[in-house]
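Undergrad: What follows is a single structure, and I will ask about it in a moment.
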Amino acid sequence: MKRLIHSSPVSHWFAPPLGSPALAAVLLTVLFVFGMELPSVSLFKDSESYLPVHTLLEFIAISISVMIFTLGWNVRNEQDAGHLPALGGAFLVVALIDLAHTLSYAGMPALVTPNSPDKAINFWLAARLIATTSLLALALLPAHQKLSRHFAKISLLLGLVITVIVWNVGLYHSAQLPRTFISGYGLTPFKITVEYIFVAMCA
C-alpha cells in the first residue's frame, strides 16, 4: 500500500509546496497574522444576507468530513490503516454536528427548538473541539501502533453516542451553556477565548 502511494504521480500534488511541513506552517501563520491586520470589510448587511453563503460553505465542509470518514471506514481492514478508521469516526461526528450547526443558524427553519446565534455557535464549537482534539491525538499517538480489528466499529459507535449527547445538549440545554453571542455586542470573551485555545491546539 505504501509503495503504491509513493510511486503514484498523484502523490506529488499533495507534497508540501515548500518541501517542509514546518516551513509551510510558519508561512501560513505569517499570512494569518497579516490578514488579521488588514482593515475589515463588511460584505453582508445582516446574518440573513449571509445565510445562503454560510449554508453553501458549511455543506462543503460537511462533505469533506464525510469523505474523511468514508476513507477511514473503507481502509479499516487494511494492515497499514493505522489510526485512519478512528480519525474517520471522529470526522463523522464532526459532519453530523456541523449539520446541526448549519440547520441551527439564524434564518433557517427551527431545528426542533428555536434557532439562535448561541445555539448555532455551540454546535460549531463542539465540532471544532472534536476535530482539533482528534487531529492532535493523531499527531501525538505512535504512528505504527497496532489496533484491534474491532477498533473501527468501536470508534464509530462511540462517535454516534457523542453525537447524540451533543445534539441533545445543543437542542434542549443550550440555555445552561455559557453565552457565546450577545445581540448588539457581538461575540463574548468566552467564545473568543475558546477559539484561541483551538488555535493553540492546532499549533
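Undergrad: Taking the Cα of T113, stepping 7 Å toward and past its beta carbon, and measuring to each backbone N in the stretch 147-182: which are under 11 Å?
TA: In the stretch 147-182, the label zone of T113 (backbone N under 11 Å from the point 7 Å along Cα→Cβ) covers 167-177.
Undergrad: While we're looking at this one, here's another question. How would you rank 185-197, 56-68, 91-103, 28-40, highest first, on the average number of other Cβ atoms within 10 Å across their residues? All intermediate terms of the calculation are to be shown ahead of the outcome.
TA: Details: 185-197: 12.8, 56-68: 15.2, 91-103: 23.3, 28-40: 8.5.
Packing order, densest peptide first, comes out as 91-103, 56-68, 185-197, 28-40.
Undergrad: Right, something else. At what distance in nm do the modelled label points of V161 and T55 sit from each other, each positioned 7 Å from its Cα along Cα→Cβ?
TA: With each label placed 7 Å out from Cα toward Cβ, I get 3.5 nm.
Undergrad: Something else: Any idea how far apart A137 and R179 come out in nm if each label point goes 7 Å out from Cα toward Cβ?
TA: Simple spin-label model gives 3.4 nm for this pair.
Undergrad: Another question, if that's okay. Can you give me the relative contact order of the stretch 85-155 as a percent, contacts being Cα pairs under 8 Å and 6 or more apart?
TA: 40
Undergrad: Could you give the C-alpha radius of gyration of the stretch 106-198 expressed as a fraction of 2.2 N^0.38 Å, taking N as the number of residues it contains? Don't skip to the answer; put the middle values down first.
TA: Numbers: Rg = 16.5 Å, N = 93, 2.2 N^0.38 = 12.3 Å.
Its radius of gyration relative to the 2.2 N^0.38 Å reference: 1.34.
Undergrad: While we're here: Which log10 I(q)/I(0) values, to two decimals, does the stretch 52-126 give at q = 0.14, 0.24 Å⁻¹ under the Debye formula with one point per Cα?
TA: -0.50, -0.97
Undergrad: What FRET efficiency would be calculated for the residue pair F190, Q79, taking the C-beta separation as r and a Förster radius of 41 Å, to the nearest 0.05? List each step's numbers first, then the result.
TA: On the way: r = 45 Å, r/R0 = 1.10.
Given R0 = 41 Å and the Cβ-Cβ separation, E is 0.35.
Undergrad: Same structure, new question: What residues qualify as long-range amide H neighbours of F181, i.e. H under 5 Å apart, gap of 5 or more or another chain, H built at 1.01 Å from N?
TA: Sorted by chain and number, the residues that satisfy this are T188.
Undergrad: Any idea how far the Cα center of the stretch 21-70 sits from the one of the stretch 158-198, in Å?
TA: Spelled out, the Cα-based centre of one part sits 19 Å from the other.
Undergrad: Shifting gears a bit: For the stretch 34-126, what is the relative contact order in percent, using Cα pairs closer than 8 Å and at least 6 residues apart in sequence? Walk me through the intermediate numbers first.
TA: Details: 98 pairs, mean separation 22.5, N = 93.
Relative contact order for the stretch 34-126 comes out at 24 percent.
Undergrad: Right, another one. Tell me the label-point distance for the pair H150, V169, using the 7 Å Cα-to-Cβ offset, in nm and rounded to one decimal.
TA: 2.8
Undergrad: Order these peptides, 167-173, 21-27, by their mean beta-carbon neighbour count within 10 angstrom, highest first.
TA: Numbers: 167-173: 15.3, 21-27: 11.6.
Output ranking for 167-173, 21-27: 167-173, 21-27.
Coordinate-derived values only; no laboratory data. Not measured: the values here are computed from a predicted model. Using ideal geometry, Cβ is built from the backbone for each residue, glycine included, and neighbour counts are taken over all protein chains shown.
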